[in-house]
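Chemist: Here's a structure for you.
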Amino acid sequence: MSDTAATVSKESTQKTQVDTETTERFIAEKRFLSQLETGRVVPTLRNLARIAMVFSKDLSYFFEAEPQAMFRIHRRKERVRMPQTGVDSPTYFFESLGYMVPDRHMDPYFAEFIPLGAHQEPKAHMHPGYEFLYVLDGELSLQHGENRCTLEAGDAVYFDSTTAHSYICNGAKSTTALIVTMHQPLPVQSAVPLRPVAAPGVRPMTIPPTAMGLTDRR
């Protein structure tokens, strides 16, 4: 009987010690997390790894920048008026409307096209992506490759800007427009391999795409 009581007492003591250690560890970890949340302690990689494991996160979760919603205001008085580049006598001036936005996927501009001078010719240019132009006031002629059109106030055009294009202000007063250039690449047109014609009674041979320099673009 005394042996049984001693065993029970020993097991109870061990359980009490375990419970005490668990409680103390919980209190210590709770105190650590509280200090961590208030910025009073700097966690080690070991601490971060334990926290990541508890919350089923990868360790890289703590090193990724917190995403922030993009919001930038460009005041008119802060914009800079720039002339057409690459020419001695510019035919238009532009102001960037997105210069304060980092890693932007498009470039919006306010543009003013002035009437051509005597013996002055527009200079064509090209750039990657696409371009959108909306005429605010006046009349503008656009040359895009072999295409030519006249745009009036309220008209808009969307075109592939890798094709050479130029602008001409029609009339005696300047034309203003909103231009947006987009950096998105042109869609890749996948080539279709030709199937060889087999002679009668001969099974046609299938040519793998890699042998023809093609890859699966799906």
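Chemist: Name every residue in the range 98-122 that is in contact (Cβ under 8 Å) with a residue 60 or more places away in the chain, of a type in the set (A, V, I, L, M, F, W, C) and within 21 Å of residue 183 (Cβ to Cβ), in order of residue number.
Modeler: 106, 110, 111
Chemist: I've got another one for you. Could you list, in sequence order, the residues of the range 50-91 that are aliphatic (A, V, I, L, M), assigned to a loop (DSSP other than H, G, I, E, B) and farther than 24 Å from residue 122 by Cβ?
Modeler: Within the range 50-91, 65, 69, 70, 73 qualify.
Chemist: If you take the residues of the range 168-182 that are more than 11 Å from residue 140 (Cα to Cα) and β-branched (Val, Ile, Thr), which of them is farthest from the chain's Cα centre (by Cα)?
Modeler: Only one residue fits best here, namely 179.
Okay, residues lined up against (1) surrounded by fewer than 10 Cβ atoms within 10 Å (Cβ to Cβ); (2) outside the structural domain of residue 123 (by TED's automatic domain parsing):
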site	(1), (2)
51	no, yes
59	no, yes
69	yes, yes
85	yes, no
88	yes, no
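Residue-by-condition table, conditions (1) assigned by TED's automatic domain parsing to the domain that holds residue 113; (2) in contact with an Asp or Glu (Cβ under 9 Å, 6 or more places away or on another chain); (3) modelled with pLDDT of 60 or more:
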residue	(1), (2), (3)
148	yes, no, yes
157	yes, yes, yes
175	yes, yes, yes
196	no, no, no
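Chemist: Within the range 78-94, which residues are at pLDDT below 90 and either aliphatic (A, V, I, L, M) or touching a Lys or Arg at 6+ places or on another chain (Cβ under 7 Å) (or both)?
Modeler: Result: 86, 87.
Chemist: Another question, if that's okay. For residues in the range 123-146 being under 19 Å from residue 176 (Cα atoms) and in a loop (DSSP other than H, G, I, E, B), which is farthest from the chain's Cα centre (by Cα)?
Modeler: 138
Chemist: Tell me which of these residue 40 doesn't satisfy, since it passes every other one: (1) loosely packed, with under 15 Cβ neighbours inside 10 Å; (2) in contact with a Gly (Cβ under 6 Å, 6 or more places away or on another chain).
Modeler: If we test residue 40 against (1) loosely packed, with under 15 Cβ neighbours inside 10 Å; (2) in contact with a Gly (Cβ under 6 Å, 6 or more places away or on another chain), just (2) comes out false.
The values are calculated or read from the model by the stated rules, or taken from the named source; none is laboratory data. Values in this document were obtained by computation on a predicted structure and should not be read as measured data. FYI the Cβ positions are ideal-geometry reconstructions off the backbone, even for glycines, and counts take in every protein chain you see.
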